[in-house]
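**Q** If you scroll down you'll find the structure; I have some questions about it.
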Amino acid sequence: MPGYSSWGTYRQGRTYYVSDDPQRSKMRNGCASAMPGYSSWGTYRQGRTYYVSDDPQRSKMRNGCAAGCFMFLFAIAMVAIPWALFGAEQEFHDRLEAFSEVEGELVSCMDNKKHLWDCYGGKKAQPPPTHITSSRVSASSADTEFGVQLKGALALDRSTEYCQWQEFSTKNCDTCTRTGENGEEEKYNCNCRVTFHYVKAWRSHRINSLVFDQPAAHHNPQRDPYPSERLFARDARAGEIELSHELLDNPHGAFRTSSRNVEWTADSRREDRWYDGVMRFFGFTPGKGDRTRYEGLWALKRHTDSPAAREHRFVYVGKGGFFYSPYEASKYEQMFKYFIEYMEGSLLDWQLGDLVPACTAGDIRVSYRVHDPSEVSVIGAAVEGDGRHRMGIYTTSKNYQLGIVHEGIKEPFEMFEREAWEAKKICFLWRAAMLLWALGPAHLVAAFFGRRLPTYTLKLAAAVSTAGAGIVLIWVFIWREDFGGQLQDAMMIVLLGVAIGLGYMSVKQSQPDPNGESGFGGAWVWLCTLCGAPRSWYGQEPEEAVPSAVPAGQPAASAPEMPPSMSKKEN
């Protein structure tokens, strides 16, 4: 038949020079569907087991380090919590004050104005606060470090995760019997064993492994080239009105829009998951309700030449929209790690968890969430710069920088109410923290005067009294210029009355300290006892070691013989 042939042929195509980097050679246009070494899995390893003393004081410390660390954290909490509450209350006060100042001066403006001056009837030296709404939002947010750019995005959240080990411990004890002070037999925990455990997983923060029981075998590299960050658009517009970068990145955190995940796929749509067939079998629709924004892989063509890819070998692996950077230790670092493992006895400690295809400690992965509302409401003021007129931050008479961006079409009073409520929620959070904080000062004051709080009712009363007094002092300092029949004044009076009443009850029902300690010495004894410090820290000789006890259910003959001096003391 004419045209038919059983022969084939050969043609040489074009020749390309590709990167020598083995990781980047697996990419196509800056993308890779998979990356050898990447895993979303974690793993588990069991650490060493220690037999600890039956002394309840010594079991809480580890060569005195635990007590010292606890005291350090206690001191930080005593300062940090009141300071954070003061900052939250100050922000709430300043925000309400700013809203009260501008609510009668707000000018509403249509989003079809090319210049904000048209909203005011001409250029003004001091533009008034302005409110605009728009159903036409245009913007472009980018992360130049990764070569990522998304259109229609007011902001882009970069979320960085770290593959890290985390240590925790469990304590197991036997139940033993002994003769109590009243001559009756009693049970107690003895022969306690503390076992350390390690879990490796992706975490939103780095963990310092230097304080681990086996720091070399579970070493956490602390590299962090690209921490989590929110990146705002620099070309945002609401209709024809340009929104300044300073307005979006308001220091008072008034940017309220929803966000969704971003994932780059071959055909810009959701890829099939391994469990989709199971969902269909049970009558569910895979991907229903999925708000993820899908972009084509071609949009990552700039990633290959980005600083993240060149300097830290980040590649796009997909699997949820992740960029992955493997950790590779230098030869000297690896040799030093082996030496420390040998010194701590973990060099040949191989476990089943080591065979799990998990991430490597020190690996980093990055994902993104995008803020791309279709409607926005904005409160700010006209600002001028670079020959352009923008919607920027309005500065009140007391230098409060007011700039609010909310998703949807909202009236000014709705936006003010939302911002006031957000500030108030933070105040409620720190007021609750203040109640827990007050337990420390209440006990310290009681110990200073040689008293103690024996019941939980007294502890709670003393804590409420101390916290109430502290909150009232903060309110008086912040609201000192706003007294005059307001609800805040009534709350101050009521809270102060409750604080005084509960404080009086705590003092009257407290009991003298049985050790007779008072003054700074009494406060120090209470703090050392709380932190589990050895008795030598507060001027008392350490207790003698408790002899081995007989576990419950075993005959007394099976127990080792004790010296006569110990037997006499035990009886």
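**Q** Please list, in order along segment 279-293, the HN-Hα scalar couplings obtained from phi with the Karplus expression 6.51 cos²θ - 1.76 cosθ + 1.60 (θ = phi - 60°), rounded to whole Hz, x for Gly and Pro.
**A** Values, residue by residue: 5, 5, 4, 8, x, 9, 9, x, x, 5, x, 6, 9, 4, 8 Hz.
**Q** Between ARG260 and CYS65, what is 0.36 nm times their sequence separation minus the Cα-Cα distance? Round to one decimal in nm.
**A** Stretched out fully, the ARG260 to CYS65 stretch lengthens by 65.8 nm.
**Q** A further question on this structure: Modelled label-to-label distance, ASP118 and LEU210, 7 Å Cα→beta-carbon offset: nm?
**A** 6.1
**Q** Between HIS443, GLY392, VAL405, whose Cα lies farthest towards the positive end of the dipole of segment 392-450 when Lys and Arg beta carbons carry +1 and Asp and Glu beta carbons carry -1, centred on the Cα centre?
**A** The Cα lying farthest towards the positive end belongs to HIS443.
**Q** State the volume of the convex hull built on the alpha-carbon positions of segment 360-482, expressed per residue in Å³ and rounded to an integer.
**A** Residue-normalised Cα hull volume stands at 288 Å³.
**Q** Going by Cα centres, segment 309-364 and segment 174-228 are how many Å apart?
**A** Comparing the Cα centres of segment 309-364 and segment 174-228, I get a distance of 23 Å.
**Q** From zero up to wherever the largest Cα-Cα distance of segment 150-279 sits, split into 10 Å bins and tell me the percent of pairs in each.
**A** Final binned percentages: 9, 19, 19, 20, 15, 8, 7, 3, 1.
**Q** Roughly how many Å² of MET110 are accessible to a 1.4 Å probe, to the nearest 10?
**A** Its heavy atoms expose roughly 120 Å² to the probe.
**Q** In addition: Beyond a 23 Å Cα-Cα separation, which of these cross-linked pairs lie in this structure: LYS288/LYS319; LYS151/LYS301; LYS288/LYS425?
**A** On the way: LYS288/LYS319 18 Å; LYS151/LYS301 15 Å; LYS288/LYS425 33 Å.
Long pairs (Cα-Cα over 23 Å): LYS288/LYS425.
**Q** If R₀ is 51 angstrom, what is the calculated FRET efficiency for the pair TRP350 and GLN90, using the beta carbon separation as r and rounding to 0.05?
**A** Given R0 = 51 Å and the Cβ-Cβ separation, E is 0.35.
**Q** Regarding segment 244-385, what is the average projected area of its C-alpha convex hull, in nm²? If you can, show how the numbers build up before the last one.
**A** Values: hull surface 65.2 nm².
Average of the hull's projected areas for segment 244-385 equals 16.3 nm².
**Q** For a Förster distance of 60 Å, can you work out the FRET efficiency between the beta-carbons of ASP267 and MET343, rounded to the nearest 0.05?
**A** 0.65
**Q** What's the FRET efficiency of PHE449 with TYR332 using the Cβ-Cβ distance as r and R₀ = 56 Å, to the nearest 0.05?
**A** Between PHE449 and TYR332 the formula returns 0.45.
**Q** To the nearest 20 Debye, how big is the dipole of segment 319-476 about its Cα centre, given +1 on the beta carbon of each Lys and Arg and -1 on that of each Asp and Glu? Display every interim value, and only then the final one.
**A** On the way: 16 positive and 17 negative charges, 175 e Å.
The dipole of segment 319-476 has a size of about 840 debye.
**Q** Which value, to two decimals, describes the C-alpha radius of gyration of segment 313-372 once divided by 2.2 N^0.38 Å? Intermediate results must be reported in sequence, preceding the final value.
**A** Values: Rg = 16.3 Å, N = 60, 2.2 N^0.38 = 10.4 Å.
With N residues counted in segment 313-372, Rg over 2.2 N^0.38 Å equals 1.57.
**Q** Could you please report the charge total around TRP83, scoring K, R as +1 and D, E as -1 over all other residues with beta-carbon less than 15 angstrom from its beta-carbon?
**A** Details: positive: ARG431; negative: GLU89, GLU91.
Its environment carries a net charge of -1.
**Q** Between THR285 and VAL199, what is the spin-label point distance in nm, taking each point 7 Å from the Cα along the Cα→C-beta axis?
**A** 3.6
**Q** Between PHE428 and ILE500, what length in nm is gained on full extension when 0.36 nm per residue of separation is reduced by their alpha carbon distance?
**A** 23.8 nm is the gain from fully extending PHE428 to ILE500.
**Q** So for the pair ALA80, LEU473, with labels modelled 7 Å out along Cα→Cβ, what separation do we get in nm?
**A** Placing both labels 7 Å along Cα→Cβ, they lie 2.1 nm apart.
**Q** Between ASN208, LEU231, THR175, whose Cα lies farthest towards the positive end of the dipole of segment 165-285 when Lys and Arg beta carbons carry +1 and Asp and Glu beta carbons carry -1, centred on the Cα centre?
**A** Going by the charge dipole, the pick is LEU231.
The values are calculated or read from the model by the stated rules, or taken from the named source; none is laboratory data. This structure is a prediction, so every number in the text was calculated from the model and none was measured. Don't worry about glycine lacking a Cβ; one is built from the backbone with ideal geometry, like all the others, and counts go over all protein chains shown. Heads up: the accessible areas ignore ligands, DNA and RNA and are worked out on the full protein's heavy atoms, side chains in. Shrake-Rupley method; radii C 1.70, N 1.55, O 1.52, S 1.80 Å.
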